[in-house]
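The structure appears right after this line, and notes come after that.
Every read-out reported here was derived from the displayed coordinates using simple, explicitly stated rules and does not represent laboratory data. Keep in mind that this is a model prediction, so the values were computed, not measured. Cβ placement follows ideal geometry from the backbone for every residue including glycine, while neighbour counts extend to all protein chains displayed.
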Ligand code: TMP
Ligand code: MG
């Protein structure tokens, strides 16, 4: 039974939108429905590059802004052979953050434009579905405060939200906006339905290339 591939499904959104919780539950639900499914996350902090990123995020080291941007991208590229192999073997991947986080966060810094920020990630495996979890600042506030990492401030996250909105204008990417202010079960159900459709649509399509 050659040819039937898995889908690449990405979850994006601001901090405290519930991405990690929903990603975990989505993997479990898809498995229960009989789809071979695995979860990934970016940054993947366990690799050598990932450790540099982790140290930057935790404010233990300082890195020049272009440099950290390229490290985030490199941290995706180093996983690409594995990602392609899994998709081709029929495994669906649910990914917590991807290149859209890379662009939304760096381009929120002074003197970075969207175009420059996208370039290092051009040609990555293209997600079959990008689920954007949108949560109002009010609801996000009820989910507790930020941690201590470098980007976890309200003023920076507001800029990030605007950049995500710009990225979502790109109709070459299969964005689905989900209202993540709803209760967790409703959100989960919607993500599951959208994902099952994406798996079905992707299974006999070639893996695309992002932003090419
Ligand atoms: P996390 O909280 O999901 O582990 O993500 C860590 C932080 O890294 C989060 O603030 C978003 C940011 N980030 C980037 O700046 N660029 C990237 O490419 C990725 C994947 C995350
Ligand atoms: Mg975080």
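Observations
- Scattering from the chain was approximated by placing one identical point on each alpha carbon and applying the Debye formula without solvent; log10 I(q)/I(0) at 0.11, 0.18 1/Å stands at -0.51, -1.42.
- Taking a quarter of the surface of the Cα convex hull of segment 134-212 gives a mean projected area of 7.1 nm².
- Helical content of the chain, expressed as a calculated mean residue ellipticity at 222 nm, amounts to -14000 deg cm²/dmol (DSSP H runs of 4 or more residues, -39,500 (n - 2.57) each, divided by residue number, nearest 500).
- Considering every alpha-carbon pair of segment 1-56, the percent of pairs per 5 Å bin, from zero through the bin containing the longest distance, is 4, 15, 19, 19, 20, 12, 7, 3, 1.
- DSSP bridge orientation in the chain - percent antiparallel, rounded to nearest 5: 5
- Residues in segment 110-147 reached by a label modelled at residue 59 [backbone nitrogen below 17 Å; 7 Å Cα→Cβ]: 145-147
- Fewest-first ordering of 153, 106 by other beta carbons within 10 Å of each residue's beta carbon gives 153, 106.
- Per-residue Cβ neighbour rank within 10 angstrom, fewest leading, 108, 73: 108, 73
- Remark: 146, 105 ranked as 146, 105, counting other beta-carbon atoms within 10 Å and listing the fewest first.
- Rounded to 10°, Cα long-axis angle of helix 19-32 versus longest principal axis of the chain: 10
- Protection proxy ranking, peptides 166-179, 126-139, average beta carbon neighbours within 10 Å, highest first: 126-139, 166-179
- If you look at the Cα atoms of segment 48-107, you get an Rg and a Dmax of 13.2, 40 Å.
- Euclidean distance of C-alpha centroids, segment 29-80 and segment 108-144, integer Å: 14
- Full-extension gain in nm, residue 31 to residue 115, via 0.36 nm per residue minus C-alpha separation: 26.5 nm
- Value of relative contact order over segment 8-210, rounded to a whole percent, pairs C-alpha under 8 Å and six or more apart: 33
- Most mobile listed residue (13, 90, 102) in the chain, GNM with C-alpha springs under 10 Å: 90
- For segment 1-121, the relative contact order comes to 41 percent (Cα pairs under 8 Å, sequence separation of at least 6).
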